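Undergrad: One structure is given below, represented as structure tokens, and several questions about it will come after.
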Amino acid sequence: MKVLVINCGSSSLKFQLIDAETEQLLFKGLCERIGIDGSQISYTATGKDKVTKVTPMPEHKTAVSLVLEALTESGVVKSLDEIDAVGHRIVHGGENFTKSVVINEDVVKAIEEVSDLAPLHNPANVIGIRACQDLMPGTPMVAVFDTAFHQTMPEEAYLYGLAYDIYKKYKIRRYGFHGTSHSYVSKKVAEIEGKPYDSLKTIVCHLGNGASVSAVKNGKCVDTSMGLTPLEGLIMGTRSGSIDPSVIDTLEKKMNLNTAGVMNVLNKESGVYGLSENISSDFRDLEDAYIEGNKDAIRAVDCFCYQVLKYIGAYTAAMNGVDCIAFTAGVGENSGFVRKLIIDRLGFLGVKCNDEANKVRGEEKLVSTEDSKVRVYVVPTNEELAIARDTYELLK
Ligand code: AMP
């Protein structure tokens, strides 16, 4: 079964074609600046050179039709009939979705219903579904939610300390994100360990531009650091992570901003970018500056690592122990430097870093020593493959 995986953002569309039976990647690419001047599509058919075309994309439907055109033009498929299914990444499923589902009108309505919880993402996701329905009528589609994996959290983990009535009326609670990645990585850890998924306590650190930590106990997520939106939790590339809510009111007054202005500060001008006095949101730049002794970079990276440490401590308590810790996503997979800064603080768990193994980049590897009490792994995430797997499972 050939599955087209679509990840539709407000002005971008990422896509991959995966053979779900062999799990082989056939084609991948990105449409950028949809609805903005200078839009372009770039794609690579496996084994061929990357192609980039600058072409107008006034809306997502044009982007999807360009993707389909590229698939046939590059010879990856002879006709669109060869695409057996589409798997859509959907950011917010609210409480409506605890797992991936085959898309029908009720599903689209339910995704639209929770759009106020993810106003930048869910409408774009629905536009992606509609565009595919128009251009590939009859092709079955599956929705895979970033929030679904976290729906197993107990009430004590997902409720905020707000009036219960507010939760009941507005569904304001912790949802968590990156669920597809946390699920994929925690399952992979069980596979590497050769133990049943439901027998392990694993902490997954998804450290990328967006970053989150989750606690997976006996195959179920029991807590995660992101909340109602992806702004909560760790300090991220440009997002502040958790702050005292009163900061918003204070900044409105001090910086003479409205709420949207403050939210922009918290989402785009904070995190390691803001903490480093705008050196960069990219850990490659921060790592270089850190090594050179740049105080701004040291401050930002140390704050980030300290937050990760605190979540690992908290989730060890929440699960009454931990067997494995996994690092994934851009920073987690590639930066032995940041991993070591974190792992070296985990002495309280009897964790020891294997410095030689920890040099690894983007590969599955045990990076703790043989006598480490908790095993620490690098596990590359693959959200697109996880979406293709779910799509295949539901439609085969
Ligand atoms: P993601 O959001 O998972 O795609 O991660 C993107 C981030 O990963 C980038 O912004 C960088 O901060 C980080 N990253 C990627 N490669 C490296 C690397 N080799 N060393 C350190 N950080 C990296």
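Undergrad: Can you tell me the order of 67-79, 327-339 when each peptide is scored by its average per-residue count of other Cβ atoms within 10 angstrom, highest first?
TA: Sorting 67-79, 327-339 by mean packing, highest first, produces 327-339, 67-79.
Undergrad: Same structure, new question: Computed from the mean reciprocal separation of all distinct C-alpha pairs, what Kirkwood hydrodynamic radius does segment 307-393 have, in Å?
TA: For segment 307-393, inverting the mean 1/r across all distinct Cα pairs yields 13.6 Å.
Undergrad: What ranking do 100-109, 81-90 get when scored by the average of other Cβ atoms within 10 Å per residue, highest first?
TA: Output ranking for 100-109, 81-90: 81-90, 100-109.
Undergrad: What does the net charge come to around Ser74 if you take all other residues with beta carbon closer than 15 Å to its beta carbon, with K and R at +1 and D and E at -1?
TA: Result for the local shell: +2.
Undergrad: Over segment 1-110, calculate the relative contact order: mean separation of alpha carbon pairs under 8 Å at least 6 apart, over the residue count, as a percent.
TA: 24
Undergrad: Here is a further query. Can you give the net charge of the other residues whose Cβ lies under 13 Å from the Cβ of Lys99, counting K and R as +1 and D and E as -1?
TA: -2
Undergrad: Which of the peptides 225-233, 139-147, 343-351 is most tightly packed, and how do the rest follow, going by the mean number of other Cβ atoms within 10 Å of each residue?
TA: 139-147, 225-233, 343-351
Undergrad: From the backbone phi of segment 252-261, what are the Karplus-calculated ³J(HN,Hα) couplings (6.51 cos²θ - 1.76 cosθ + 1.60, θ = phi - 60°) in whole Hz, Gly and Pro given as x?
TA: 4, 6, 5, 9, 6, 10, 8, 4, 4, x
Undergrad: How would you rank Lys50, Lys61, going from fewest to most other Cβ atoms within 10 Å of each one's own Cβ?
TA: Numbers: Lys50 10, Lys61 17.
Taking fewest neighbouring Cβ atoms as first place, the list is Lys50, Lys61.
Throughout, read-outs are computed from the coordinates displayed, never taken from laboratory work. Source: prediction; values computed, not measured. Neighbour counts are summed over all protein chains in view; Cβ atoms, including those assigned to glycine, are modelled from backbone coordinates with ideal geometry.
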